[in-house]
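The values are calculated or read from the model by the stated rules, or taken from the named source; none is laboratory data. As the structure is a prediction and not an experimental result, all values here were calculated from the model. Quick reminder, even Gly has a Cβ in these numbers, built from the backbone with ideal geometry, and neighbours come from all protein chains shown.
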Amino acid sequence: MPETSEASGAAAEPSLEEQIAAYQREFQDLDPQVEQVVSALQRLNRRMNVAYGRQTATLGMSNAEWEVLKALVVSGAPYQLGPGELAKRLGLTPAAMTHRIDRMASEGLVNRERDETNRVRVIVELTHEGREKWLEAMRMASVFEEDLLQDLSGDERRLLGEVLTRLLRRVEDAQPDADGRLTDLD
């Protein structure tokens, strides 16, 4: 019988070693080194998303709202994008983006204004409060990320960054249209 977590009553996730052994049992052509890397990356990503979600929740916002703030900050001053561009960058449908912008505007994180040069076009702009929330989330994330990498030397961090960037480029080259969410997985 699988172990359960006392807090949730859910079955505990098998260790990486147990998962790889089960995969090898069922699929003999599996390369255990490849599976260890891929499974570790998947688990790390999932757990980091949970940790970031907990941090943004303490700030009264969701990871989804954080993603919008991040896209506006990355766009550079004056921190403005059209809703269509935001939707594209985040891999969302226009309707989902509109819903998110509506919620964030009501919370004072963004403003939605008509473009003065094209009255049909709407501009989403980061507010002072939105920027302050983004900065606080970044401060919290920095502490978490430093703690995560504390056991790695500077050279190990550099090497890990280079290796992960190469893997990311390979996926981006092979799947150039997969920068957002896939509609069949939403």
Could you tell me which of the residues R112, R89, R170, R158 is among the charged types (D, E, K, R) and closer than 20 Å to Y52 by Cβ?
-> R89
Check segment 73-88 and report whether any residue there is surrounded by fewer than 18 Cβ atoms within 10 Å (Cβ to Cβ) and touching a Phe, Trp or Tyr at 6+ places or on another chain (Cβ under 7 Å).
-> yes
Mind checking whether some residue in segment 49-59 is of a type in the set (D, E, K, R) and under 20 Å from V143 (Cα atoms)?
-> yes
Inside segment 23-129, counting only helices (runs of 4 or more DSSP H) that do not spill past its ends, which hold 2 or more residues that are touching a strand residue (DSSP E or B) at 6+ places or on another chain (Cβ under 7 Å) and modelled with pLDDT of 95 or more?
-> 63-75, 94-106
